[in-house]
Amino acid sequence: MIINKSEDGKTIILIPSLEPDERLLAYVRQLREYGLTNIVIVDDGSGEAYQSIFEELRENGCALLTHAENQGKGAALKTGFEYIGQHYDVSSFVVTADSDGQHAAEDVYRIAQEARLHPDSLVLGVRNFSEGNIPPKSLLGNRMTSFIFAMLYGKKLSDTQTGLRAFGPGLLSFMQDVRGTRFEYELQMLISCIQSGIPIHTMPIQVIYENGNAGTHFKAIQDSARVMGVLFSNFLRFISSSVVSSVVDLGIAWFLIDALRPMLGEQHYLRILLATVIARVISIVVNYVLNRHFVFRKEDSQGSLWRYLTLCGVVILLSSTGVYIFHTVLFVDEKLAKFVCDALLFLLSFQLQRRWVFAARRKQL
C-alpha cells in the first residue's frame, strides 16, 4: 500500500506506556509504515525490567520520556504534551494512542487525517461495542459511562473511554490544564471540552482486545471510583450548591420572622412576606455565586446573572403550572405533585444552567 506521507510531517504520536511487551516495538514499526515517524513514548514508571524495550524504542528514533515512579496515564499524557510543546513546531497535531495493542496503526493514521479536517476540535476514535468478543467488564463499563455521560452532559458518545484521540495545535495547552492524573483524566478531558465549547467529533475504529484485554492496567475498584467521581462531580456540586442555598433561605427566613416582629407588631402577613422575600433574594444570590464559581466555574460568563434570573422565573411558573395540572387533571395529591415537579425541574435546571446560563462563550483559537 502506498501512503501519502507529505501531510503527516507535523503529526506527533504520543504513547503512554506501563510495563510494555514486544507488541509495542511491532506497533511502532507499523506506525512508521504509515509515515508516522514523530513518536513520543512516556515510560510511566515501568521499572528496570522493561528498560531494554524502551531503549530499543529510543534507538529506533522515538523520543523517550521517563517517570521514575508510576504517576498514572493522565500524568504521562501531560508529560508528553509538555514535551511536545517545548520540542516540536507550534503547528503540530497530536494523536494519543495506547500501548497495549488496542489501536490499529491504520486507525491512528486515519484519525491523524481526520484531525486536520477539524483542527479546533477533539477527535475520538470510537469502538463499536455491538461487535462480539468484547470483554464483559469493558462492555458494561463503557455502556454505563456513556449513558450517564449523555444524561449529565448532553453529548452522546458511544465510547467515552477510548484512548485514541487527536487534536490540533491550538488545544495543546488546554489539554495540559485538564484536571486528573490517572484514567479519570480522559473522561475529564471530554467534560472540559464540553464545558469550554470545544467540539467533539468521532470516527469509528476497529475493536481489538487481545487475550481478553489482559494487558490493561486499569484497576477495577480504584480507577472506577475515580472515573465515577469525575463523571458525577458537576452534578454533586450542583446538589451541594442547592442544599447550601436552601439552608441559607430557611435560616434567614426563620431569623427575620422573629427579628421583624418588634417593627411590624401584629402585621403578621407583611412580616412573613418580607422575611420570605428577603431570604429568597439572598439565597438566589448565594446560589448564583456558587453555581458560577463552584459548580460550573465560569468566571467570565457575561450576562449569566440575567439568564439565571430568567430561568428562576421560568422554573417557578413551570412548577406552579405543573402542580396545578397534576392535581386537577391527573388527580394527584398536591404535595406529591409538588415533589415530582420540582424533582424534574431540578434536573432541567441543571441542564439549562450548564447549556445556557453558564454556557461557554469560547473565543476563536
**Q.** Answer residue from the stretch 320-346, given it is charged (D, E, K, R) and open to solvent by 60 Å² or more (accessible area, probe 1.4 Å) and is farthest from I284 (Cα to Cα) among those
**A.** D333
Q) Considering the stretch 40-61 alone, what residues qualify as being open to solvent by less than 60 Å² (accessible area, probe 1.4 Å) and among the hydrophobic types (A, V, I, L, M, F, W, C)? A) V40, I41, V42, I53, F54, L57
Q. Which number in (1) within 27 Å of S192 (Cβ to Cβ); (2) open to solvent by 80 Å² or more (accessible area, probe 1.4 Å) marks the one condition that L317 misses?
A. (1)
Q. Does any residue in the stretch 304-321 that is aliphatic (A, V, I, L, M) and assigned to a helix (DSSP H, G or I) come within less than 8 Å, Cβ to Cβ, of a residue that is loosely packed, with under 11 Cβ neighbours inside 10 Å and modelled with pLDDT of 90 or more six or more places away or on a different chain, and which pairs are these?
A. none
Q. So which residues in the stretch 348-365 are at pLDDT 85 or above and either in contact with a His (Cβ under 8 Å, 6 or more places away or on another chain) or open to solvent by less than 90 Å² (accessible area, probe 1.4 Å) (or both), if there are any at all?
A. L348, S349, F350, Q351, L352, Q353, R354, V357, F358
Q | Qualifying residues in the stretch 62-97 (those that are surrounded by fewer than 18 Cβ atoms within 10 Å (Cβ to Cβ) and among the charged types (D, E, K, R)) - the one nearest to the chain's Cα centre (by Cα) | A | E82
Q: Kindly list, by first and then second residue, each pair from a residue in the stretch 329-347 that is touching a residue at least 40 places away in the same chain (Cβ under 8 Å) and in a helix (DSSP H, G or I) to a residue that is among the small types (G, A, S) and open to solvent by less than 60 Å² (accessible area, probe 1.4 Å), limited to pairs with Cβ atoms under 9 Å and residues at least 6 apart or on different chains.
A: F346/S242
Q | Number of the exception - I272 against (1) modelled with pLDDT of 90 or more; (2) open to solvent by 50 Å² or more (accessible area, probe 1.4 Å) | A | (1)
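The values are calculated or read from the model by the stated rules, or taken from the named source; none is laboratory data. Keep in mind that what you see is a predicted model, and the values were worked out from it rather than measured. Cβ sites come from the backbone with ideal geometry, for glycine too, and all protein chains shown count toward neighbours. When the accessible area is computed, the model is the full protein with side chains, heavy atoms only, and any ligands, DNA or RNA have been set aside. Shrake-Rupley method; radii C 1.70, N 1.55, O 1.52, S 1.80 Å.
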